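Just so it is clear, none of the values below were taken in a lab; they were calculated from the coordinates. Everything numeric here is computed off the predicted structure, so don't read it as measured data. Note that we place each Cβ from the backbone using ideal geometry, even for glycine, and neighbour counts take in every protein chain shown.
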Amino acid sequence: MPKLSFQTLAFHEREDYLEVRLLNLFLTKISLSELGALKVKDAHTLDLSAQQEKKFPLLLSKYFCQLKNTLNGHQAIYIHQNSGIPLLGSGEFGIVYRNSSLIELKPFTSCNLNCIYCSVGEGRDSKKIDFVVEKDYLVNELQKLLDFVNEPVEVHIGVQGEPLLYADVVPLIADLQKNKKITFISMDTNFTLATPQLLDEFSKFSKLRLNISLDALDEKLAAELSGGAYNLKHILEMIKLAVKKGIRVLIAPVLVPGYNEEEMEKIVQFVKELDQKDKKNHPLIGIQNFLNYKTGRNPAKAWTWEKFNQFIQELEEKTKIKLRLNEKDFGIHPVKELPKPLVIDEIVKAVIKAPDRFPRSCLAVAKERTISVPECEFRMNKEIKVKITRDKHNIFAGKVV
């Protein structure tokens, strides 16, 4: 009897359907009335008849259209090498290239917290559709871009959510670590899901730096800022353990006016006291200015940059530690500009490939780029005319004409 095995899929046979989990977090169900009786040999392997083996990929494709995020119950879109969705063009998933030596990877959307200041309104209460990208597709497309850039770069895993929810995060970093064109890997994380075992894995990656959100050392305030339950003690223990294991760390609090100004000095002191044997890799701290965004949660009115910089300058003088970090501190510089196949006001024929994150919006594809199209009814593979309204940083948006 033929066997089918998958690394990223897990199976569980129910009474009348086969439960299929993708990368632990995403779930769909295949009706046994269509597939027929089968045997789940182990979590990742199915025993199938020859007929079922031929049918299974088609059923999997069909039922992946009903994929759900088990964290929030929302629809999820799986973007893979045969999905027809390019990884360049969106600011939500895939690859974001701003013509600099910092290339952003976004394998995933979704978050286990509900931070009150989130700039994209992500989290458990989010109503948006989620995306998850096949790891190998992401790595292969990144390689094409690296070949084009043809100079050393930093790769930044900065998702709209929490990257430690992405089950392939360690294999992804392992692939990046092996790539000689990548000199540095940074990753944003709230660190709530960190474990000693995970840190053992991270400690193997010499190019890795963790950018950890830590907004308060007061437990009640930290929970309020995170939008719910928040194990501050665990996070502090994991930060100390990461440093002890030699993992590079950047503590990145967001200063939210009216909430945590007084916490900033405490966080600076915490960072100063972290015991790093290799002093040249002592943890950094970079305080971020909360900004108001149309699509974000806005619990406060943002400070002006003048007021924020004055606050940081005074805190630097008081604590004797550098708190203002910029691109030069990380060696980020302009590199080869990627030609834009789409330009503002151009009208192109595009094909709808998926719903976008917001209601009544779609992802369309033209000239090997993904385009976000608001006020667009989703109809799979429908051809539409789109007028390009954005082409900045190789992120494209348009409107139906």
For segment 181-250, the dipole about the Cα centre with charges only on Cβ (Lys and Arg +1, Asp and Glu -1), to the nearest 20 debye, works out at 500
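Taking a 32 Å limit on the Cα-Cα distance, which of the listed pairs Lys181/Lys349; Lys128/Lys180; Lys178/Lys294; Lys240/Lys328; Lys55/Lys204 fall beyond it?
Details: Lys181/Lys349 35 Å; Lys128/Lys180 37 Å; Lys178/Lys294 39 Å; Lys240/Lys328 27 Å; Lys55/Lys204 41 Å.
Correct reply: Lys181/Lys349; Lys128/Lys180; Lys178/Lys294; Lys55/Lys204.
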Where a Cα-Cα gap under 20 Å defines reach, which lysines qualify for Lys62, not counting those fewer than 8 residues away within the same chain? Lys29, Lys54, Lys353, Lys382
In whole angstrom, how far apart do the alpha carbon centroids of segment 360-399 and segment 114-145 sit? 18
Simple label model, 7 Å out from Cα along Cβ direction - Arg98 to Asn140, nm: 2.9
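About the Cα centre of the chain, what is the dipole size in debye to 20, counting +1 per Lys and Arg Cβ and -1 per Asp and Glu Cβ, all else neutral?
Working: 58 positive and 52 negative charges, 157 e Å.
Dipole size: approximately 760 debye.
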If you project the alpha carbons of segment 347-400 onto their three principal axes, what span does each projection cover, largest first, in Å? 26, 21, 16
Return the distance in nm (one decimal) between the two label points of a simple spin-label model at Ser33 and Glu377, each offset 7 Å from Cα along Cα→Cβ. 2.9
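Among DSSP beta bridges lying fully in segment 77-330, give the percent that are antiparallel, nearest 5.
Working: 5 of 33 bridges.
Roughly 15 percent of the beta bridges in segment 77-330 run antiparallel, per DSSP.
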Which three numbers, in whole Å and largest first, are the semi-axes of the equivalent ellipsoid of the chain derived from its Cα gyration tensor as √(5λ)? 37, 26, 21
I'd like the FRET efficiency for His282 and Gln81, computed as 1/(1 + (r/R0)^6) with the beta carbon distance as r and R0 of 35 Å, rounded to 0.05. 0.25
